[in-house]
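These notes are about the structure you will find just below.
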Amino acid sequence: MGYIEIKVIDFTSTPGTRYRSEGPFSGEEYRETIIEPAFLEAIKNNSIVKLNLDGPFGYGTSFLEEVFGGLARNYGAEKVLKAFTFISKEEPYLIEDIAQYVKDTEK
């Protein structure tokens, strides 16, 4: 099984808010331009998106929820959880936070 490797720091060192209309580097922009295309490619090719969260100066809840909760609302939580593996040595709690945002879409 192959991997699609992505680093958030390649998008920005300062992740923004939820929506594009609220400012630059939003979760919506990241989901639509980076994460969703990689996710769809991973599903098509039976591979995994390996996402490195290290590097940026921090993440707002709204950014992460929009990226991963938004993806789960569009494609289903189970598919999202199977398609990603996360790396975060700087803030390992982010991995569980993201999983919870995805799972919360099933309620």
Considering each of Glu36, Glu41, Glu22, Glu29 in turn, give the residue that is among the charged types (D, E, K, R) and within 17 Å of Thr105 (Cβ to Cβ).
-> Glu36
Determine, yes or no, whether Glu66 is without any contact (Cβ under 8 Å) to a residue 60 or more places away in the chain and over 18 Å from Leu81 (Cβ atoms).
-> no
Could you list all residues from segment 13-57 that are in contact with a Phe, Trp or Tyr (Cβ under 9 Å, 6 or more places away or on another chain) and at positive phi?
-> Phe25
Complete set of residues in segment 28-47 that are within 11 Å of the chain's Cα centre (by Cα) and touching a residue at least 40 places away in the same chain (Cβ under 8 Å) = Glu28, Arg31, Phe39
Selection within segment 14-27 - of a type in the set (S, T, N, Q) and under 15 Å from the mean Cα position of the chain (by Cα) = Thr14, Thr17, Ser26
In segment 63-72, is there at least one residue being farther than 18 Å from Thr12 by Cα and modelled with pLDDT under 95?
-> no
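The values are calculated or read from the model by the stated rules, or taken from the named source; none is laboratory data. None of these values were measured; they are calculated from a predicted model. Note that we place each Cβ from the backbone using ideal geometry, even for glycine, and neighbour counts take in every protein chain shown.
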